[in-house]
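Novice: Take a look at this one; I'll ask things after.
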Ligand SMILES: CC(=O)SCCNC(=O)CCNC(=O)[C@H](O)C(C)(C)COP(=O)(O)OP(=O)(O)OC[C@H]1O[C@@H](n2cnc3c(N)ncnc32)[C@H](O)[C@@H]1OP(=O)(O)O
């Protein structure tokens, strides 16, 4: 075997080769034009962008970005969001991804990030690095004619209204609305100006063909924008003279159930539309139960989505709120990488607030840092993990106590691919 490639942060002069390597690793294209490199360049913080170089050529890519992650109770914790992890096929399974991951996690820990997050391309990759699936997604396809909804729907009847909106206005209203939605959505992350420019066509990548979406906003009775949906429609077909159009939702965010309901009703009442593709939603999204016949919403995808790795257990656990307090629980967290493990006392009060600090008291529960990642946003059940043998109970009923404390009434949801 040839000598081991050099793993390091990239310099400005490496960027084009790094983008080419990432494009190769993701099977996008073997070469990348200057225009595409320039379009992607604002995304990279070079101090957080790593590459592996073999004889001067980039063969592996990895970068991370600062994000704020909403946790139960509405606080946002500093998160290191990992993306663009790729190793060229000729260099796989030699530990390159592991070396870049170790360097990035150590830097995130050093910076004081509470957690690292990522969207896993494949389930088996990231558990070994201490990540566990913290949010899941469901995509539905609604057979609209079978949805048993009144097709005479003509807009909200509670004083709200639904209006189509040009994309310039989406850029104006979207960020403020998203901040409100994010504060009430456990698992959501902040969106950058770049995100809004990409999603509204102001910035484009040559490799990604652009279709301008329709945008529709919901305003409450006071006229304030409190919901936004963007969507595209397929070409229409007329089999047997019956109109047939698919609508694909790109995003649907809402700051109230009324806005969310009105936007789904609008989409489900579009004339000619026979199929509505929801895109990635929380598994307990309102959508199926808004239908007269929820079976008309067929689950197209149900899968893990955002994976989370605790880096600072006391900071992460004391940032969120808990149900059923006051309570105390000692967690023994195992972390093979030596970044976040230890024994911690979690104490919650009746308001849901918590303190968490290292302790020498005996443990109630033992679990891996990856399984703490599964529990952190409230999605997974400690009782279920105990049944699987992944959480060990040392005091009777401790898993059940943890279940009451950690789980949330609604499931966490990260609306964005990153
Ligand atoms: C957040 C994101 O960016 S997700 C995108 C991830 N990228 C992709 O899926 C693109 C295609 N795949 C790749 O580029 C590479 O295969 C990667 C990045 C997934 C892995 O890179 P490698 O350098 O081969 O990983 P590395 O050699 O460090 O492997 C470490 C361990 O993970 C295992 N592993 C790596 N990838 C996979 C996989 N896809 N499925 C199962 N196990 C895997 C290896 O077998 C190895 O196991 P071991 O420690 O028991 O020997």
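The values are calculated or read from the model by the stated rules, or taken from the named source; none is laboratory data. Treat the numbers as computed from the prediction; the structure is a model and nothing was measured. Cβ placement follows ideal geometry from the backbone for every residue including glycine, while neighbour counts extend to all protein chains displayed.
Novice: Just one of (1) in contact (Cβ under 8 Å) with a residue 60 or more places away in the chain; (2) within 16 Å of the ligand (Cβ to nearest atom) trips up residue 160, so point out which.
Specialist: (2)
Novice: In addition: Kindly indicate whether any position in the stretch 64-87 is farther than 30 Å from residue 316 by Cα and touching a residue at least 12 places away in the same chain (Cβ under 8 Å). Explain how you work it out, then say what you get.
Specialist: Residues of the stretch 64-87 farther than 30 Å from residue 316 by Cα: 87.
Next, only the ones that are touching a residue at least 12 places away in the same chain (Cβ under 8 Å) stay: 87.
The answer is yes; a qualifying residue exists.
Novice: Oh, and also: Would you point out the residue of the stretch 289-306, among those that are surrounded by fewer than 22 Cβ atoms within 10 Å (Cβ to Cβ) and within 28 Å of residue 373 (Cα to Cα), that is nearest to the chain's Cα centre (by Cα)?
Specialist: Ranking the qualifying residues of the stretch 289-306, first place goes to 304.
Novice: Oh, and also: Yes or no: residue 108 surrounded by fewer than 24 Cβ atoms within 10 Å (Cβ to Cβ) and not in a strand (DSSP E or B)?
Specialist: Values: surrounded by fewer than 24 Cβ atoms within 10 Å (Cβ to Cβ): no; not in a strand (DSSP E or B): yes.
For residue 108, the condition - surrounded by fewer than 24 Cβ atoms within 10 Å (Cβ to Cβ) and not in a strand (DSSP E or B) - is not met.
Novice: Only residues that are at pLDDT 95 or above and part of a loop (DSSP other than H, G, I, E, B): list them for the stretch 1-12, please.
Specialist: Taking the stretch 1-12 and keeping what is at pLDDT 95 or above, we get 5-12.
Of everything in the stretch 1-12, those that are at pLDDT 95 or above and part of a loop (DSSP other than H, G, I, E, B) turn out to be 5, 10, 11.
Novice: Further question on the same structure: Check 246, 271 and return the single one that is surrounded by fewer than 21 Cβ atoms within 10 Å (Cβ to Cβ), part of a loop (DSSP other than H, G, I, E, B) and either modelled with pLDDT of 95 or more or outside the structural domain of residue 226 (by TED's automatic domain parsing) (or both). Please lay out each step first, then the result.
Specialist: Details: 246 fails: part of a loop (DSSP other than H, G, I, E, B).
Among 246, 271, only 271 is surrounded by fewer than 21 Cβ atoms within 10 Å (Cβ to Cβ), part of a loop (DSSP other than H, G, I, E, B) and either modelled with pLDDT of 95 or more or outside the structural domain of residue 226 (by TED's automatic domain parsing) (or both).
Novice: Turning to a different aspect of this structure: Taking the options 252, 286, name whichever one is out of contact with any strand residue (DSSP E or B) (no Cβ under 8 Å at 6 or more places or on another chain), without any contact (Cβ under 8 Å) to a residue 40 or more places away in the chain and not assigned by TED's automatic domain parsing to the domain that holds residue 109.
Specialist: Working: 252 fails: out of contact with any strand residue (DSSP E or B) (no Cβ under 8 Å at 6 or more places or on another chain).
Being out of contact with any strand residue (DSSP E or B) (no Cβ under 8 Å at 6 or more places or on another chain), without any contact (Cβ under 8 Å) to a residue 40 or more places away in the chain and not assigned by TED's automatic domain parsing to the domain that holds residue 109 holds for just one of 252, 286, which is 286.
Novice: Which residue out of 33, 51 is in contact with a helix residue (DSSP H, G or I) (Cβ under 6 Å, 6 or more places away or on another chain) and assigned by TED's automatic domain parsing to the domain that holds residue 104?
Specialist: Answer to the selection: 51.
Novice: Which of the residues belonging to the stretch 214-234 are in a strand (DSSP E or B) and buried (at least 19 other Cβ atoms within 10 Å of the Cβ)? Step through it out loud before you land on a result.
Specialist: Taking the stretch 214-234 and keeping what is in a strand (DSSP E or B), we get 214-219, 225-233.
215, 216, 217, 218, 219, 225, 226, 227, 228, 229, 230, 231, listed by residue number.
Novice: Looking only at the stretch 149-173, how many residues end up being outside any strand (DSSP E or B) and surrounded by 16 or more Cβ atoms within 10 Å (Cβ to Cβ)?
Specialist: Initial filter on the stretch 149-173 (outside any strand (DSSP E or B)): 149-160, 165-173.
Checking the rest, the ones that are also surrounded by 16 or more Cβ atoms within 10 Å (Cβ to Cβ) come to 149, 156, 160, 165, 167, 169-171, 173.
Summing the residues that are outside any strand (DSSP E or B) and surrounded by 16 or more Cβ atoms within 10 Å (Cβ to Cβ) in the stretch 149-173 gives 9.
Novice: Same structure again: Given the condition in contact (Cβ under 8 Å) with a residue 12 or more places away in the chain, more than 24 Å from the chain's Cα centre (by Cα) and within 24 Å of residue 108 (Cβ to Cβ), answer yes or no: does some residue in the stretch 315-331 qualify?
Specialist: Our first condition is that a residue be in contact (Cβ under 8 Å) with a residue 12 or more places away in the chain; within the stretch 315-331, this holds for 315-331.
Subsequent filtering for residues that are more than 24 Å from the chain's Cα centre (by Cα) retains 324-331.
Keeping just the survivors that are within 24 Å of residue 108 (Cβ to Cβ) gives 331.
Looking through the stretch 315-331, at least one residue is in contact (Cβ under 8 Å) with a residue 12 or more places away in the chain, more than 24 Å from the chain's Cα centre (by Cα) and within 24 Å of residue 108 (Cβ to Cβ).
Novice: Looking at (1) away from the ligand (no atom under 16 Å from the Cβ); (2) at pLDDT 95 or above; (3) surrounded by fewer than 22 Cβ atoms within 10 Å (Cβ to Cβ), which is the one condition that is false for residue 138?
Specialist: The single condition residue 138 does not satisfy is (3).
Novice: Between residues in the stretch 179-205 that are assigned by TED's automatic domain parsing to the domain that holds residue 166 and assigned to a helix (DSSP H, G or I) and residues that are modelled with pLDDT under 95 and buried (at least 18 other Cβ atoms within 10 Å of the Cβ), which pairs lie under 7 Å by C-beta distance while being six or more apart or on different chains?
Specialist: Hits for this filter: zero, empty list.
Novice: Among (1) more than 25 Å from residue 301 (Cβ to Cβ); (2) more than 11 Å from the ligand (Cβ to nearest atom); (3) in contact with a strand residue (DSSP E or B) (Cβ under 6 Å, 6 or more places away or on another chain), where does residue 112 come up short?
Specialist: Just one mismatch for residue 112, condition (3).
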